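The values are calculated or read from the model by the stated rules, or taken from the named source; none is laboratory data. None of the values given here were measured: they were computed from a predicted structure. Positions of Cβ are generated from backbone atoms using ideal geometry, with glycine treated the same way; all protein chains shown enter the neighbour counts.
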Amino acid sequence: MAAKRATGTYRAAGVDIDAADKLVKTIRKRARTTFGPEVLGDLGFFGGLFELKGYQQPVLVSSADGVGTKLKIACALNQHETIGIDLANHCINDIFTCGAKPLFFQDYIAMAKLVPSILESIIQGMTSALSEVGCALIGGETAEMPGLYPEGEYDLVGFIVGVVEKSKLINGNSIKAGDVIIGLPSSGLHTNGYSLVRKIFNIDKDPSCLNRLYPQLDCPLGEKLLEPHRCYYPILKSMLPMIRGIAHITGGGIPGNLPRILPEGLAAKIEKKSWQIPPIFSLIQKEGNVDDVEMHRVFNMGIGMILVCSSSDVAELTKKIPQARIIGDVVEEKGRERVVIL
């Protein structure tokens with residue numbers, strides 16, 4: 001009697017261990033390009049090892065974040081490298097609000113079936129962004145989970161750790177009434193507001209609109225929506241001694257993020273005419289019939305990072321950062337609104 005052929009394998013259930021192992025080798029090669037002498041061992045051990053040197057009172061700053069439904073746009077266009085850049089830069093900006101230097105990064109990528117070309121594009125974008133700021137990709141998780149994700153789609157999360165001397169920690173405590181609020185331009189939507197954008201343009205049902213060139217834009221809609229999240233660390237790291245507070249303008253816009261660094265009793269007065277709102281936001285507002293309050297509550301509206309400094313440091317900061325704009329000032333809080341946009 002012939003032996004019954006075994007069918008109870010992991011591969012038959014939708015998980016290919018051999019393919020995953022091969023892909024990890026490719027990721028390891030790319031990750032090594034971000035390694036410095038502080039990284040001990042190699043990618044693939046059970047834990048990433050990083051040797052901390054050169055600090056008297058080091059404060060570790062950590063953050064975890066994702067890219068949100070911007071992933072839907074990337075999957076619809078089959079363009080994934082910029083998503084890796086988005087993830088790295090979003091996390092770098094988050095810990096930089098404390099004045100922290102990025103040290104190391106880990107990622108989590110999960111999909112129904114591993115697609116090597118997608119994974120390689122994501123990692124390529126991620127490692128290029130991390131290399132620019134001297135941050136090492138020292139580990140992560142690549143998961144194949146059939147039945148949990150739609151075919152061709154995936155989830156992406158990043159975890160970052162940075163460090164700052166305790167004496168140089170930036171937390172907004174020194175902010176005073178009369179301080180000046182400076183805005184730095186975003187490169188578009190960054191990684192927030194995409195659920196509303198997808199609804200307005202009906203992207204999930206008709207992704208062909210992503211190839212449309214609207215008169216307001218200098219490129220097709222999809223290309224504009226995939227514009228990578230800007231990293232502010234390189235242009236600001238040398239100016240930290242002049243900065244009293246930093247707010248990364250992500251989900252919630254200026255009203256939802258600026259109050260996070262303001263001491264009790266203080267508020268921010270913002271003049272929205274002090275900077276030029278990029279055309280992509282005007283297009284979204286027009287197509288979706290969205291009012292001004294909701295636009296500023298959902299999107300960054302062209303301001304990706306906000307600095308608060310003394311009025312005596314404004315001239316030097318704006319001279320060194322030509323694209324910076326004075327967009328408001330810190331005032332004593334009156335009423336319940338912490339941010340007033342005029």
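Remarks
- Out of 335, 304, sole residue that is of a type in the set (Gly, Ala, Ser), assigned by TED's automatic domain parsing to the domain that holds residue 220, outside any helix (DSSP H, G or I) and over 24 Å from the mean Cα position of the chain (by Cα): 335
- Condition check for residue 294: buried (at least 16 other Cβ atoms within 10 Å of the Cβ) and in the same structural domain as residue 240 (by TED's automatic domain parsing): no
- All conditions in (1) surrounded by fewer than 15 Cβ atoms within 10 Å (Cβ to Cβ); (2) at pLDDT 95 or above hold for residue 223, with the sole exception of (1).
- Flag if residue 70 is surrounded by 21 or more Cβ atoms within 10 Å (Cβ to Cβ), of a type outside the set (A, V, I, L, M, F, W, C) and under 30 Å from residue 201 (Cα atoms): yes
- Selection from the range 104-134 of residues that are among the aliphatic types (A, V, I, L, M), within 16 Å of the chain's Cα centre (by Cα) and either closer than 22 Å to residue 57 by Cβ or buried (at least 22 other Cβ atoms within 10 Å of the Cβ) (or both): 109, 122, 123, 126, 129, 130
- Matching option when the condition is under 24 Å from residue 92 (Cβ atoms) and either more than 21 Å from the chain's Cα centre (by Cα) or touching a residue at least 40 places away in the same chain (Cβ under 8 Å) (or both), among 253, 265, 222, 288: 253
- Condition check for residue 46 on (1) among the hydrophobic types (A, V, I, L, M, F, W, C); (2) assigned to a loop (DSSP other than H, G, I, E, B); (3) touching a residue at least 24 places away in the same chain (Cβ under 8 Å): one failure, at (3).
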